[in-house]
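The values are calculated or read from the model by the stated rules, or taken from the named source; none is laboratory data. All values derive from a computational prediction rather than experimental measurement. Quick reminder, even Gly has a Cβ in these numbers, built from the backbone with ideal geometry, and neighbours come from all protein chains shown. Ligands, DNA and RNA are stripped out before the accessible areas are found, and what is left, the full protein with its side chains, is counted by its heavy atoms. Shrake-Rupley method; radii C 1.70, N 1.55, O 1.52, S 1.80 Å.
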Amino acid sequence: MFILFESLDRDNRGCLSPDDFEALGGLAMNPIGGRIMEAFFSSGQDTVDFSSFVRILAHFRPTDRNRNKEGAQQELPSSRTRKLKFAFQLYDMDRDGKISREELLQVLRAMLGLQVTEEQLQSIAERAIQEADLDKDDAISFDEFKKSLEKTDIDTKMSVSFLK
Amino acid sequence: MAALWTLSLLLSASLLGCLAMTSPDGSPLPHNLPPSLGTNISDGSLSVDLPMALRVFSMDYHHIQAPFEIVLWIMLASLAKLGFHWSGRVPAVVPESCVLIMVGLLVGGVIYGVRHSAPPTLSADAFFLFLLPPIVLDAGYFLPGRLFFENLGTILWYAVLGTLWNVLGIGLSLYGVCLLAQSSLGDVSLLHCLLFGSLIAAVDPVAVLSVFQEMQVNEQLHILVFGESLLNDAVTVVLYKLFESFLRLPSVSGLDVLLGGCRVVVVGIGGLCVGLFFGLLAALTSRFTSRAQVIAPLFVFLYSYLSYLTSEMLHFSGIMAIVTCAATMKQYVEANVSERSNTSIQYFLKMWSSVSETLIFIFLGVSTIQDIHMWSWPFVCSTLLLCLIWRATGVLLLTAFVNKLRRNAVTFRDQFIIAYGGLRGAICFSLVFLIDDFPKKRLFITTTIVVILFTVFVQGMTIKPLVELLYVKRKKRALPTLSEEIHSRLIDHLVAGIEDVVGYWGQHYWKDKFEQFNKKYLRRFLIRNDRQASSSILRVYQELERREQRGVEEEAPPIVDPRSQGRPLLPEEMESIRRILSRNLQNFNNKQTPAYSRHTLHQDTSVDRTRKPLYRHQSLGERYSYNTITHFQGEDGGLSEPQRVRTGLSRSHTVCSISPRSTLLDSSDSAGPAQTRSTDPKAAREDLVSPKHKETVERAARKHLSFVLENEKQQ
């Protein structure tokens, strides 16, 4: 892992800066590349040191599921919740604990790009909030987020296998 | 009960028909081409006896014999299928394939009893050329692409290595059995055993499809078994032909074996390439079908069948070709072709594959009743046992390896179902008939039939209760909600980004790359210009909107339930709604027409005014919902050109008026703007050209506003 860190760290300062991330071409093409980058830099710091780098990447470790009983999927609450929290943070840029309509719109705009018109975007966002928003505060809180994804297999989706 | 009686009456009627009509002198194979169409054969004609006068009544059976028999068989098969679904508790216990085979057995028995000769059998040509392609095409078209590619490695692992393991295992151990039972089985050589192994080891897609589809297990398991059964065709075909050619060669060298191995690769990849080629061609052709929509579905079938035939001609794997063709062309064809054509394609596919499958099973039953059976207890029993044992061990071993590389381990329960769900079917049956004649061929035929019957009956019937007993994870039934889709997409992008950071070229990386390539080149080339956009989020959204418009609560998308009844039809009250709507619209129309002209306000000259009213009524006819009302209000309310928001709207409307069929895009757009419309009319008012226009539009806009609000309250 440290080798990886060093290979990313272009100027060998022992920590990563935004330019190192931007040098990754694929990330630049990624619609949410900017947000992913920002997720690495927590709490307004300019650089990422090795320990925080590893901590972030640890979110993507495949979870070890012991299945004694089929049917009721025993989720280790920590890891799935942590993964979901990470994903939640990608939406919630101002860290107020809720995904507002504007934040959702921004993400949608980034992902759907020029494929849709503005009204469609609005209505998609509207509908998404309608579906998930249970306490009718016009924003999606973390619990609502978690609930809307309860049927999705987050553990396998958000795992990069070599990080085992 | 009454239905049951009528159906059984009809069934027996057609049965008698089959019996009576088949001429006693060696019944022809039911799929012979009609012998001579032009000439008038009056051999078997009865006639009223009027000497030297005109025959008033005559019957000429030979003239229509072949098509008549074909139709009778298909009728028999379909009636049997109908009867099965009406027979109360039977569908819950017995899978359809079993019932059909039993009906076939019955029919075969009756025919044999009456005529004391073998009933018509399924010729291998008819099977491979006519009966198998529709089923595989249907499977390929509705293949869940994403799931398939995610599990592709595992599927290939099972298909290639698993089949090899099974073939070699069964072949070699059967040879051992033959050696042991020298007295009765001494003349079965090693190559014969291997040949037999190669045809009996392959899992059959038809049988698997019919049994698994009723089971509704979780999609991953389904795609594993099903994908394996599709892809092992390449291996089976090659091994079968290989051993057959070995049998003809005087001696077999190591080089031949090596070449055989290369052949597997060539056959597989060849099939893939042929399929890709025809798939892309079909996609391209569908791009230009806008002016002749009625034949658009035909191209799907023609190109797929062509790909199958071409690869069969080149001795590639036909199944792989047709599956690849269907899977490739699907997304482009669906985008290019109108919604009705899409529906027709899907329904025809389902219908044809259903008929094919039914026919196959019935013929399996019928062909069992023959007098060419040869029985040998040790051979048959050992084959059965060995099939089970080798499949089980194969699955266990392979899964142990593959689980280390997978993110999502295949559990023991799933493994059990995979091993147990290895059903054999009609492909083995046809292949065994194709073997060159040798003394023990009849034994092989008998054994094949026994294995097929055993797997379909015993395994087919018991797998459903086992699935429930073992708590195997079942399929999710609901369409993903929009939030699910959005968040899933986000997470996909996220993981792709992380994989980038980590430098790991995982699945997401390749998938992203492919999507970019797809978007940049393929879609632009293969999809009509006005239909380009469609991300999965958008598609889910449109689908959800469409469902809401129809006001039907569905619990599963139609893809999930392939063979049972389709979507519930639109209720008749839609008729009255339509009438009300059109009446309202007339009023709107009459008010708007003299008041202003779109052309003076809009720079969009491509909009044809005369088309507009026509289009409105047309779309009413196709999309009966309140959304169309809001749509029209919207376009009248959204007049001002300079506002960027409006151009988005007008663009979509322009598109829709030029191509009046694409009401799908239109009404989903309208659903969106409907909600934001309440604020728009106000803004629209400022940009109007003349006060008079302003006034009328204001009035209209206010009406729209109230109407919109009303509708939203209803919502």
Ranking B:Asp233, B:Asp125, A:Asp137 from most to least accessible area with a 1.4 Å probe gives B:Asp125, A:Asp137, B:Asp233
Expressed as a whole number, the average count of other chain Cβ atoms within 10 Å around the Cβ atoms of B:401-407 is 2
Flagged links, alpha-carbon separation over 26 Å, of A:Lys85/B:Lys330; B:Lys81/B:Lys464; A:Lys83/B:Lys404; B:Lys404/B:Lys511
A:Lys85/B:Lys330
For the stretch A:78-163, accessible area per residue (1.4 Å probe, heavy atoms of protein chains only), Å²
40
Output wanted: per-residue J couplings in Hz (rounded whole) for the stretch B:342-357, from phi through Karplus 6.51 cos²θ - 1.76 cosθ + 1.60, θ = phi - 60°, x for Gly and Pro.
4, 4, 5, 4, 5, 5, 5, 4, 4, 5, 5, 5, 5, 4, 4, 4
Quick one: how many Å² of B:Thr310 are accessible to a 1.4 Å probe, rounded to 10?
30
Determine the shielding of peptide A:125-133 by partner chains: average, over its residues, the number of Cβ atoms on other chains within 10 angstrom of each Cβ.
5
For the interface of A with B, what's the total buried accessible surface in square angstrom, probe 1.4 angstrom, rounded to the nearest hundred?
4900
Report, to the nearest whole %, how much of the accessible area of the stretch A:78-163 belongs to carbon and sulfur atoms, 1.4 Å probe, protein only.
51
Could you pull the accessible area for B:Phe514 with a 1.4 Å probe, rounded to 10 Å²?
100
Provide B:Trp352, B:Trp377, B:Trp157 ordered by accessible surface of protein heavy atoms (probe 1.4 Å), highest first.
B:Trp377, B:Trp352, B:Trp157
List B:His315, B:His373, ordered by accessible area with a 1.4 Å probe, largest first:
B:His315, B:His373
Could you state how much accessible area A:Lys83 has, in square angstrom rounded to the nearest 10, with a 1.4 Å probe and all protein chains kept in place?
0
At q = 0.12, 0.13, 0.19 Å⁻¹, work out log10 I(q)/I(0) for the stretch B:262-415 with the Debye formula, treating every Cα as an identical point scatterer and leaving solvent out; two decimals please.
-0.83, -0.92, -1.09
From the C-alpha coordinates alone, can you work out the Kirkwood hydrodynamic radius of the stretch A:78-163, in Å?
13.8
